[in-house]
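Notes for the one structure printed next.
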Amino acid sequence: MKRIIRVLAAVCLIAVMVSSCSKKSGADRGYDIYLFNAKGENAAQVEAMAKAYQEATGVRVKTFSIGAGAEQSAPMNTEMNSKNMPTIFSVQGINNLAMWLEGGYVQDFAQVENNPGFSKLAQDIAPDLRLTLGGTTNYGIPYNLEGYGYIVDKKMLAELFGLADATELINDIKTASYSEWEDFITGIDNWINNNPTGPVKVSGKTYNLAASKTALTGTLTGIIALMGSQRWTYGDHLVNVALNATFTTINDSLNAKEADIRRIRGPLVAYAKALDFKTRHLAGKNGPAHRGQDLVSDANFGYDQAVQLFAEGKALLLKQGNWAYNNILTVNKDVAERLYFLPVKMPFTASDITAQGMSVEKMERSIPVFVPNYYTVNALCSEEEKQKAYDFLVWMNTSPEGQRFIIEDMAFIPYNADAAVTTVPNSLGNSILEYMKTGDTLGDRWHGAPSPWAGDGLGALLMEQYLIKPEWTQEDYERIADFSVAKWIELLNQ
């Protein structure tokens with residue numbers, strides 16, 4: 001990957017010498033700054049925001065957004081190697097930053113002059129949210145705060161157990177052990193398929209499933225809507241939960257040595273067991289879904305199809321983040337207003353937990369909350385173009401209209417939100433804020449792993465060999481963990 005970036009850097013630097021990011025020979029490109037957006041879920045909102053900014057300032061903003069759920073690497077490389085590179089582009093965490101820094105693309109905000117408004121914006125970012133390699137450097141403005149877990153419809157959950165309200169049950173699910181979680185899911189799946197189901201225990205409390213199905217619960221075909229063709233959902237986000245058992249900070253994963261990497265084996269065995277259980281309880285369009293070649297088909301189990309299954313009430317759970325809110329809203333407005341996050345649980349043991357301040361109990365009741373992407377400014381653009389980019393980022397993050405787009409239209413949680421007082425006008429955002437208030441959050445440790453490790457390594461292995469395999473064994477769990485450890489060490493030594 002580093003060799004590829006070096007080649008791209010050399011090619012782009014040659015292109016810059018010829019044309020730069022800026023206007024060439026006075027030619028009008030049709031825009032003043034170019035924004036590359038890595039969150040395809042909010043493509044329409046970003047485009048509308050750019051138009052609003054032009055109306056307010058006269059500065060024309062070209063936008064390009066990747067597809068919802070798509071990887072950003074390939075389109076980003078294409079755009080950065082185009083005749084006119086993006087002025088503002090996306091960086092996913094500290095590992096991704098290191099690659100773009102090597103090519104000289106990233107502006108250090110600590111070095112920005114003649115724009116006091118932007119300098120203040122950058123300086124006011126909390127130290128633990130900065131995109132930095134330490135010291136005074138600061139290379140990014142956070143998109144937002146995101147969180148993910150198992151999304152559930154609170155009304156659906158209440159009706160499954162004949163409850164008027166699901167609040168107490170949700171609180172018990174949060175603190176439930178992994179074995180209770182498995183019994184809980186298995187019991188509901190049996191009930192959906194009209195098999196004998198007894199009471200389930202959650203955090204030691206007994207809950208009885210409803211005697212009959214309602215119009216809402218009768219639509220369920222299974223438990224989980226899986227994006228089988230989107231390997232980032234299990235190769236990146238799901239495995240990130242396990243990495244939190246080992247690494248205390250993102251820098252710990254970024255700077256991990258061979259001995260540190262070997263410590264992730266136990267958590268990764270737990271991860272593989274949890275993924276096996278998860279993919280044995282899948283919802284399909286007309287009935288339960290099963291592992292097999294169809295499950296990794298983009299036409300049948302892609303991002304949009306999984307959202308559709310959940311929003312239509314065919315799946316009880318969708319393992320996704322608050323970025324999916326607008327997609328769910330588009331399909332079913334009523335469901336979108338009553339969503340909540342449940343933690344992603346894994347069968348960790350005390351010996352698996354080596355991260356400072358972490359425990360099995362905290363792992364089981366927490367959800368990951370982090371900055372997913374940063375807006376960075378292309379250091380290879382002209383000073384005039386960079387100044388316009390700084391002004392746009394200030395407007396987006398400080399003006400009432402810019403904040404309206406972020407909070408209301410994009411359904412984002414601002415990166416500087418105070419969880420004690422902040423509320424947002426969407427159910428998933430407020431669910432994240434509840435976890436933040438109690439401190440039950442995990443970090444983005446997978447961002448510190450070598451870039452090809454999670455998706456092209458682990459994710460590809462799972463898609464090609466395991467999601468198509470009907471039965472997994474203990475040996476499979478250990479093979480998955482051993483492959484992952486060996487792959488990380490291999491990439492470390494390249």
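The values are calculated or read from the model by the stated rules, or taken from the named source; none is laboratory data. All of these numbers come straight from a predicted model, not from anything done at the bench. Positions of Cβ are backbone-derived with ideal geometry, glycine not excepted, and every protein chain shown enters the neighbour counts.
Is it the case, given these coordinates, that residue 107 is at pLDDT below 85 and not β-branched (Val, Ile, Thr)?
On the way: at pLDDT below 85: no; not β-branched (Val, Ile, Thr): yes.
So residue 107 fails the test.
If you take the residues of segment 311-325 that are assigned to a helix (DSSP H, G or I) and over 11 Å from residue 150 (Cα atoms), which of them is modelled with the lowest pLDDT?
Quick first cut of segment 311-325, residues assigned to a helix (DSSP H, G or I) only: 311, 322-325.
Imposing the further condition that a residue be over 11 Å from residue 150 (Cα atoms) reduces the set to 311, 323-325.
Numbers: 311: 97, 323: 90, 324: 93, 325: 93.
Among those residues, the one meeting the criterion is 323.
Step by step: first the residues of segment 131-169, then only those that are surrounded by fewer than 18 Cβ atoms within 10 Å (Cβ to Cβ) and of a type in the set (A, V, I, L, M), then the one that is nearest to residue 251 (Cα to Cα). Which residue is that?
133
All but one of (1) more than 30 Å from residue 337 (Cα to Cα); (2) surrounded by 22 or more Cβ atoms within 10 Å (Cβ to Cβ); (3) at pLDDT 95 or above hold for residue 475; state the number of the condition that does not hold.
Exception for residue 475: condition (2).
Could you please let me know if residue 396 is over 24 Å from residue 230 (Cα atoms), in the same structural domain as residue 487 (by TED's automatic domain parsing) and either among the hydrophobic types (A, V, I, L, M, F, W, C) or not in a helix (DSSP H, G or I) (or both)?
Values: over 24 Å from residue 230 (Cα atoms): yes; in the same structural domain as residue 487 (by TED's automatic domain parsing): no; either among the hydrophobic types (A, V, I, L, M, F, W, C) or not in a helix (DSSP H, G or I) (or both): yes.
Answer is no for this residue.
What about residue 205, is it farther than 23 Å from residue 282 by Cα, over 23 Å from the mean Cα position of the chain (by Cα) and in contact (Cβ under 8 Å) with a residue 12 or more places away in the chain?
yes
Only one residue in 270, 259, 225 is among the small types (Gly, Ala, Ser) and in contact with a Pro (Cβ under 9 Å, 6 or more places away or on another chain). Which one?
The conditions single out 270.
Suppose we keep only residues that are part of a strand (DSSP E or B), aliphatic (A, V, I, L, M) and in contact with a Phe, Trp or Tyr (Cβ under 7 Å, 6 or more places away or on another chain) within segment 190-244. Which one would you say is surrounded by the most Cβ atoms within 10 Å (Cβ to Cβ)? Break it down into steps so the answer makes sense when it comes.
Step one: filter segment 190-244 for residues part of a strand (DSSP E or B), giving 200-202, 205-207, 222-225.
Then keep just the ones that are aliphatic (A, V, I, L, M); that gives 200, 202, 223-225.
This time we only want the ones that are in contact with a Phe, Trp or Tyr (Cβ under 7 Å, 6 or more places away or on another chain), so: 200, 202, 225.
Values: 200: 21, 202: 23, 225: 28.
Per the criteria, the residue is 225.
Name the one entry in 355, 411 that is assigned to a loop (DSSP other than H, G, I, E, B), among the hydrophobic types (A, V, I, L, M, F, W, C) and at pLDDT below 95. Full working, then the answer.
Details: 355 fails: at pLDDT below 95.
Going through 355, 411 in turn, just one is assigned to a loop (DSSP other than H, G, I, E, B), among the hydrophobic types (A, V, I, L, M, F, W, C) and at pLDDT below 95: 411.
Could you look through segment 426-470, keep only residues that are under 20 Å from residue 253 (Cβ atoms) and among the charged types (D, E, K, R), and pick out the one that is surrounded by the fewest Cβ atoms within 10 Å (Cβ to Cβ)?
Checked segment 426-470; the qualifying residue surrounded by the fewest Cβ atoms within 10 Å (Cβ to Cβ) is 456.
Out of segment 359-393, which residues are free of Cβ contacts under 8 Å to residues at least 40 places away in the same chain and either within 19 Å of residue 57 (Cα to Cα) or not in a helix (DSSP H, G or I) (or both)? Talk me through it step by step, then tell me what you get.
First, pick out the residues of segment 359-393 that are free of Cβ contacts under 8 Å to residues at least 40 places away in the same chain: 359-360, 383.
Selection gives 359, 383.
Do we have residue 348 as of a type in the set (A, V, I, L, M, F, W, C) and in a loop (DSSP other than H, G, I, E, B) here?
Judged against the criteria, residue 348 is a match.
For segment 159-186, which residues satisfy the criterion of being of a type outside the set (A, V, I, L, M, F, W, C), more than 17 Å from residue 277 (Cα to Cα) and in a loop (DSSP other than H, G, I, E, B)? Steps first, answer last, please.
Taking segment 159-186 as the starting set, the residues that turn out to be of a type outside the set (A, V, I, L, M, F, W, C) are 159, 162, 165, 167-168, 171-172, 174-175, 177-180, 182-183, 186.
If we keep only those that are more than 17 Å from residue 277 (Cα to Cα) too, we end up with 159, 162, 165, 167-168, 171-172, 174-175.
Matches in segment 159-186: 162, 165.
For segment 367-379, give me each residue that is buried (at least 23 other Cβ atoms within 10 Å of the Cβ) and over 20 Å from residue 322 (Cα atoms).
376, 377, 378, listed by residue number.
Just to be sure, is residue 420 under 30 Å from residue 106 (Cβ atoms) and either buried (at least 16 other Cβ atoms within 10 Å of the Cβ) or outside the structural domain of residue 65 (by TED's automatic domain parsing) (or both)?
no
Quick check: anything in segment 426-446 farther than 30 Å from residue 242 by Cβ and without any contact (Cβ under 8 Å) to a residue 40 or more places away in the chain?
Going residue by residue through segment 426-446, those that are farther than 30 Å from residue 242 by Cβ are none.
Checking segment 426-446: not a single residue is farther than 30 Å from residue 242 by Cβ and without any contact (Cβ under 8 Å) to a residue 40 or more places away in the chain.
Select from segment 297-336 the residues that are aliphatic (A, V, I, L, M), surrounded by fewer than 22 Cβ atoms within 10 Å (Cβ to Cβ) and under 26 Å from residue 464 (Cβ atoms) and list them in ascending order.
299
So, residue 111, is that one closer than 30 Å to residue 345 by Cα and polar (S, T, N, Q) or not? Before the answer, list the steps.
Numbers: closer than 30 Å to residue 345 by Cα: no; polar (S, T, N, Q): yes.
Against the criterion (closer than 30 Å to residue 345 by Cα and polar (S, T, N, Q)), residue 111 does not qualify.
Can residue 112 be described as among the β-branched types (Val, Ile, Thr) and under 22 Å from residue 91 (Cα atoms)?
Values: among the β-branched types (Val, Ile, Thr): yes; under 22 Å from residue 91 (Cα atoms): yes.
Yes; evaluated as a whole, the condition is true for this residue.
When you scan segment 11-59, how many residues do you find that are of a type in the set (D, E, K, R), at pLDDT 80 or above, more than 18 Å from residue 376 (Cα to Cα) and outside any helix (DSSP H, G or I)?
2
Quick grid of which residues meet (1) aromatic (Phe, Trp, Tyr); (2) outside any loop (DSSP other than H, G, I, E, B); (3) within 19 Å of residue 33 (Cα to Cα):
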site	(1), (2), (3)
84	no, no, yes
90	no, yes, yes
95	no, yes, no
99	no, yes, no
114	no, no, yes
117	no, yes, yes
120	no, yes, no
